[in-house]
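What follows is calculated from the coordinates using simple rules that are stated; it is not laboratory data. Model, not experiment: these values are computed from the prediction. All Cβ positions, glycine included, derive from the backbone under ideal geometry; neighbour counts span all protein chains shown.
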Amino acid sequence: MIIMFYVKLAFRNLKENRKIYTPFFCAGVISFVIYFLIYTIGKNDSIVSMVSSELFTRILKMAIVISGIIVAIFLFLANGYLFRTKKKILGVYNTLGMSKKHLIILTFWEMFFIAMGVIIAGLLLGNSLSSVMFIIIAKVLKSEEILVWRFSSEVNLKVILLFVILYVLVWLFNSYVLLKTKSVNLLKGEQLGEVEPSSFKIKATIGVVLLAGGYYMAATTVSPIQAANRIFFAVLLIIGGIYMVFVYSSIMILKKMKQFEQVFLRISSFISISNLLHRMKKNAVGMACICLLGTAVITITSATISLYAGLKDQVNKQYVTEIMLSMSKVSMQDILEINEIIGDYSKENSGIQKKLGLVTYKVDCKIADNTIENNSSISFVDRDYGVVHFVDVESYNSLVDKKITLEENQIMIFTNDTSFDYKNVSINGVDYAVIDYLSDMPIYDTEDFQIAQSYYIICSNPLIAEPNHLNEKEDKSYSELSYVCGIEVDESFDKGKFVEIINSYMNEQQIRGDASYREKTYEWQLAMYSAFLFVGIAFSILFIVMMAFVIYYKQISEGYEDQNKFKVMKNIGVTENVIKKITRQQVLFAFFVPLVFSIINMCFAYKTIVKFLMLLNLRNTSLFALCALVTAIIFIAVYGGIYGLTTKQYIDIVLKQD
């Protein structure tokens, strides 16, 4: 009988206060569905086997973990706003005689109904949408027979378990806060201003330093490998910096504004600044969340769309011929044997139209301005790292069918380093004149061009790669003989069988190398980038929902907090037009500050993101820039729409007549 009392009261609370509970419920359902879809992709064997990439598998596993963490943070963040908003309701019950123990039981049944509704709705939508999603992906990839969706009890049970745990933790957290909160503060909590943080000037300075450090790391990235190593730390610095700058620097700015009487003593400015100081930390945390979520939406959406849209162009640049073979740390005997196998296969099977091969001395070098030096201790994560291929001019002539002659001190260079344009270059202490910078080569190691600053140096004697050839040094770096081969074939040629024979031979002989062909690479990369696109869009939707929720509850909770204040102002003669002007000032401030910082974050991160995407074969930087610009415009429109709708709710609340 007692239990039914709490059940009925909880159900009535949810019904009567649906304005504040509905967004929390919807946020839970959307979070459940998005996590369910990501988990379904990550655990589907047909997708994993189809792509057959260790990197892809690792990224999917990471996406499952990250999405779970984000969902947990989101539910706790949403609960924080909800709990602050409903404190007054709990305070009324407490005043009417319900003890905190009874309130905890009441909140349990409220959370129980919400969790049950989220799980039931989430399971129905999740399973329905996942089956539709697999049909769409299978049609896009033309793999209806391979890519299939099957109901997975494991996926359903594990997602349910996660959300049950999360809602239990949320309820336990609420119970703890309820026990620690004084009864009087349940009724008047929103009227109490926040305590000014201690040492906020020092913390503001630390925030600026962290933010500047993150921006510096992002802006000074020069290679894809360096981007992969830096991006995580840069993101952490920027997140910490944004939070501290918003929370503590905003207090400094607002307190400075109070000192300017011409600004502060105007009615609209006085009320706006006082309101912001009254809830300084809550305001700042909300804006910091909006800023970081906005940056994440623009970055993830533009990156995944550009990867998918630019796939054909990426594969064509990766494969200058239909079949590509690359070998490193090999002897000339290894190269001759591989070419003999290719020749024997060509005699037995027609279809090879053209074969291009290039032997180079490959060296890891330190590149400083116009100086190139062999360096055995340098690593690909170093800023001045470069991969140098020394090519004999005769080999280059046979490749391009020309008769170029070079003096002993003359070289030609083909590089992906656009800033390297010196007329004279020093190689291991000897000066050389650059007579030409080549815009293209018929064949080259596209993988090196993809991950690092690469230089092909055509010279009369490729032994300039060896420092001991020119000057005596005890510590020398040995050149590596490398070979890259490109083969054009007709449509009847069995590319799969040919590549399998070459790779089998290299594996048997323990030769470092790989053979692959354009069509197969396009197929598995299409599957991988399609999954990336879906996961990216899923994350973006989740972040937008989070952002909308933060904005909505920020506006609603502040509206109820400000309602009595504006009522008093109207009683002392402040007109409704002035109140509307004040609300517009507050809203514009809360709207533009996160938006401006989101765009600043994106501008500083642009270089690092571009370099990182090169690891995934995206070299078309203009495509990514276009996607980022279009995404930013759409985001601003969506963001503005959300703010416009929630601002109307805020104004309606503060101007509500009793």
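In units of the rule-of-thumb radius 2.2 N^0.38 Å, segment 581-658 shows an alpha carbon radius of gyration of 1.56.
Taken over segment 279-364, the alpha-carbon convex hull comes to 159 cubic angstrom per residue. Between amide H atoms placed 1.01 Å from N, distances below 5 Å from Leu481 occur with Lys329, Val330, Lys362, all of them 5 or more places distant or on a separate chain. In terms of packing, defined here as the mean over residues of other Cβ atoms within 10 angstrom, the peptides 540-548, 102-110 line up highest first as 540-548, 102-110.
Could you sort the peptides 111-118, 294-301, 508-515 by per-residue average Cβ neighbour count (10 Å cutoff), highest mean leading?
Per-residue mean Cβ counts within 10 Å order the peptides as 294-301, 111-118, 508-515.
Ranked by the mean number of other Cβ atoms within 10 Å of their residues, highest first, the peptides 582-594, 390-402 fall in the order 582-594, 390-402.
Projected over every direction and averaged, the convex hull enclosing the alpha-carbon atoms of segment 80-133 yields 4.7 nm². Separation of the alpha carbons by more than 22 angstrom is noted, of Lys317/Lys366; Lys354/Lys497; Lys312/Lys495; Lys86/Lys158; Lys354/Lys611, for Lys317/Lys366; Lys86/Lys158; Lys354/Lys611. The calculated FRET efficiency for the pair Lys520 and Arg584, based on their C-beta separation and a Förster distance of 56 Å, comes to about 0.45.
Net charge near Lys423, counting Lys/Arg +1 and Asp/Glu -1 over other residues with Cβ under 13 Å of its Cβ?
-4
Within segment 377-435, all pairs of alpha-carbon atoms sorted by distance into 10 Å bins from zero give the percentages 17, 47, 29, 7.
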